[in-house]
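In what follows, a single structure is set out as structure tokens and then discussed.
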Protein chains: 2
Amino acid sequence: EEPPQPSVGDPYAEDPPRHPALKINTLKPFNAEPPSEVIAENYLTPSPFFFKRNHLPVPLVDPAAYRLHVQDACGRTLSLSLRDLKRSFRKHDVVATVQCAGNRRAEMNALQSTNRLGWGIGAISTACWGGVLLRDVLVHAGYQPGDEGHVCFEGLDRDQSGTVYGASIPLKKAMNPEGDVLLAYEMNGEELPRDHGFPLRVVVPGTVGARSVKWLTRISVGPEESKSHWQRKDYKGFSPAVTWDTVDFSKAPSIQEMPVQSAITEPSPDASVTPGELTVKGYAWSGGGRNVIRVDVSLDGGKSWREAELTGEEQLPGRAWAWKLWQLKASVPTGTKQLNIVCKAVDSSYNEQPDTVGPIWNILGVLNNAWHRVRISVGED
Amino acid sequence: EEPPQPSVGDPYAEDPPRHPALKINTLKPFNAEPPSEVIAENYLTPSPFFFKRNHLPVPLVDPAAYRLHVQDACGRTLSLSLRDLKRSFRKHDVVATVQCAGNRRAEMNALQSTNRLGWGIGAISTACWGGVLLRDVLVHAGYQPGDEGHVCFEGLDRDQSGTVYGASIPLKKAMNPEGDVLLAYEMNGEELPRDHGFPLRVVVPGTVGARSVKWLTRISVGPEESKSHWQRKDYKGFSPAVTWDTVDFSKAPSIQEMPVQSAITEPSPDASVTPGELTVKGYAWSGGGRNVIRVDVSLDGGKSWREAELTGEEQLPGRAWAWKLWQLKASVPTGTKQLNIVCKAVDSSYNEQPDTVGPIWNILGVLNNAWHRVRISVGED
Ligand SMILES: [Mo]
Ligand SMILES: [Mo]
């Protein structure tokens, strides 16, 4: 399917080309995810298949003219070119999974619509990010470990009224020598693609994607969280009882670390499965640097369980920023009519996923980490 | 009920007296919990009601002769009296909840017996612990922040074959300036009671109780975890599919941080409830310093939810070591026959509790953090 051509005066006219296999949730702004069977094909997601979650048009940035503005500890503004950043600070590579808070919202919408993007299981991807440590830049700007507050980020993406994308993280995460927060200019060994924040983005490992601000233009530190809509009036978790009439955004903390998550990428619900050997595949991840220690898979809706085989790169304790891929080889007996495949992951703090979506449903449709279920009809042998 | 009198030669003959209201799981070793309605009566659990989880007889320790043996970074052994500890290191007070890995095992046993202590919901309590920071003692012994390995603890409690209780924690947790690991000699402002480790115990906030070694006699640091039975062959989490025939203890990490937990302390299942106003009460806690941000309560088995009111002392971000108590005032309509009360908590990483016990059941009967459910028959008005 060809996307429609941009019209004159379309703020999205400068958006970059994308891979045609992506499943598009909205075209403007561009929100798309890889097909399920592609998600776990590679431990590092190739950039064209990495999910795209844009809130606004993709800005067109001239890298030579680009400057990162950093408010220093004395209130002055440092202006750093890409060259300054690359020459003044050591380069670090961090393999980190990024997950949108809305990953798997479609399952929430199926219960009760949130009128928000119906992400499938693909709003999560993993890359090797290359750049400088936010911590090094903040130390250069005069901030000290132990300082309190929040680091606020602003992107170059803006709407026609001038609203820019913004978000913040606790200064403690930014200054933690084991926090690994990057200002990234590379993705999988190549220049950052435009859809992923060219020329510079934040990558906050273990934290909801919304804080990994793309097309980064400004960093400031203050006593309060970012005043951005996306920090204050979105990306928060509420009880299923909260409605748009009763919601009080000041009552819930902004999502930072995310809970343990997993999903089945193969077989897909419309796969044709016959009795015999079946391979079930998927991904699992947890926030806050917690490692995935086990994935349990059931073929009978959760009555009996088997452990999947995990693969993934070695990660440091408390710094397990990247997902595990998993698979289970099972044998489907002749005569089987249906499989009710379920997966759930366990992280290094022994957190488990909730069994069902209903009791975690919320008006924003975020944080769906219920067991993932794929029901399949089994054909004749 | 009077406990039986100790016989001559009974290794438990020197065990201290206990409060008669405690619900005893085993007398020798002594394992007991407070009655459900007492659990949430106080934010700081009075020591007589604090759950007791002993693995061995309670040692009788002469505080004047007591020495703490610390293996220093050069391999020598430091010998510290209580007076040395109190005079050489600054005193710290830490309010921390301690939870046994087996808390709520009775619900697992009800599905399929584990043949282990059938703890109700009371193997969790909170105290203000006073003592010195393990970190300060380790720095005094020559260890550096950034060193790797495990801190091994040994207690003075031993069985007749000479086996002593032991456990370990990552050195990283011990050396973390925000880890708040204590060597405690006070509990709620008084001398540590004998059942809780007199004269000195470890308190590892945010971590399973099994690592908070009581009657501490020896600290050593090495590249490996404690070789103790309780570190290597117990206090680990397995999938429900693992049996005693298939278990491989080397495959699961030892439990350290615990997952989010909550329970209903009132009404109890045998309470007489009539239509009208009902107050539901309970506790909620999470491991790893994660704060409890919300408790959802349902009176209809999980179909609809309301938010409970939380109470608890202010805690620092990432250092929320103590529980929250909660309550919900509800109105029970005339004609109601039954209430199916359910609670679930959410922590600051937005971790949720699993809905049901079966899929997290395990041969050791540990880590039961499924929704807590209390079914009640409602009487006439
Ligand atoms: Mo997102
Ligand atoms: Mo325990």
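The values are calculated or read from the model by the stated rules, or taken from the named source; none is laboratory data. Bear in mind the structure is a predicted one, so any value in this text is a computation, not a measurement. With ideal geometry, Cβ positions are generated from the backbone for all residues, glycine too; neighbour counts draw on all protein chains shown. What goes into the accessible areas is simple: the full protein's heavy atoms, side chains included, and nothing from ligands, DNA or RNA. Shrake-Rupley method; radii C 1.70, N 1.55, O 1.52, S 1.80 Å.
Observations
- Listed residues B:G149, B:L339, B:L60: farthest to the positive end of the dipole of chain B (Cβ charges): B:G149
- Antiparallel content of DSSP bridges confined to the protein assembly as shown, in %, to 5: 95 percent
- Solvent-accessible area of A:V95 with every protein chain in place, 1.4 Å probe, in Å² to the nearest 10: 40 Å²
- Dipole size of the protein assembly as shown about its Cα centre, with +1 on Lys/Arg Cβ and -1 on Asp/Glu Cβ: approximately 840 debye, rounded to the nearest 20.
- In this Cβ point-charge picture (+1 for Lys and Arg, -1 for Asp and Glu), chain A has a dipole of about 720 debye about its Cα centre.
- Fluctuation leader among A:P359, A:P145, A:P17 - chain A, Gaussian network, Cα springs under 10 angstrom: A:P17
- Farthest toward the positive end of the dipole of segment B:1-131, out of B:A21, B:G120, B:Q71, is the Cα of B:Q71, where the dipole comes from beta carbon charges about the Cα centre.
- Hydrodynamic radius (Kirkwood) for the protein assembly as shown, which is based on Cα pairs only, to one decimal in Å: 27.7 Å
- Placing unit charges on the Cβ atoms of the charged side chains and taking the dipole of the protein assembly as shown about its Cα centre, the candidate lying farthest along the positive direction among A:I264, B:T246, B:G162 is B:G162.
- Segment B:5-45 and segment B:114-153: distance between their alpha carbon centers, rounded to Å: 22 Å
- For segment A:370-376, 3J(HN,Hα) computed residue by residue from phi via the Karplus equation (6.51, -1.76, 1.60; θ = phi - 60°) reads 5, 2, 8, 10, 10, 9, 9 Hz, glycine and proline entered as x.
- Distances between copies of B:K91, taken at a point 7 Å out from Cα along the Cα→Cβ vector and listed shortest first: 5.5 nm.
- Applying the criteria of a DSSP loop state and at most 12 other Cβ atoms within 10 Å to the chymotrypsin sites (Phe, Trp or Tyr not before Pro) of segment B:62-166 yields no site.
- Here the dipole of segment B:84-184 is about 180 debye; that uses its Cα centre as origin and unit charges on the Cβ of Lys and Arg (positive) and Asp and Glu (negative).
- Top of B:E33, B:E257, B:E14 by mean-square fluctuation, Gaussian network on chain B, Cα under 10 Å: B:E14
- Structure-based [θ]222 nm, chain B - -39500 (n - 2.57) summed over DSSP H runs of at least 4, per residue, nearest 500: -2000 deg cm²/dmol
- Fully extending the segment from A:L44 to A:D10 would add 8.9 nm, taking 0.36 nm per residue of separation and subtracting the current Cα-Cα distance.
- The shape of segment A:322-371 comes out oblate: with a ≥ b ≥ c from the C-alpha gyration tensor, a/c is at least 1.5 while a/b does not beat b/c.
- Cross-link reach is defined here as a Cα-Cα straight distance under 16 Å, omitting same-chain residues fewer than 8 places apart; for A:K52 the lysines meeting it are A:K23, A:K28, A:K214.
- Taking label positions 7 Å along the Cα-Cβ direction at both B:R67 and B:Q315, the computed distance is 3.7 nm, reported to one decimal.
- Cα pair distances of segment B:84-187 binned at 5 Å [whole percent]: 2, 11, 14, 16, 19, 16, 11, 7, 3, 1, 0
- Remark: segment A:168-178, residue by residue, has Karplus-estimated 3J(HN,Hα) of 9, 10, x, 4, 4, 5, 5, 8, 5, x, 10 Hz, where x stands for each Gly or Pro and the curve is 6.51 cos²θ - 1.76 cosθ + 1.60 at θ = phi - 60°.
- Note on chain A: GNM, Cα springs under 10 Å; of A:D93, A:D157, A:D270, the largest mean-square fluctuation is that of A:D270.
- Inter-label distance, nm, simple model (7 Å from Cα along the C-beta direction), A:S331/B:V247: 2.8 nm
- Across chain A the C-alpha pair distances fall into 20 Å bins from zero in the proportions 28, 57, 14, 1 percent.
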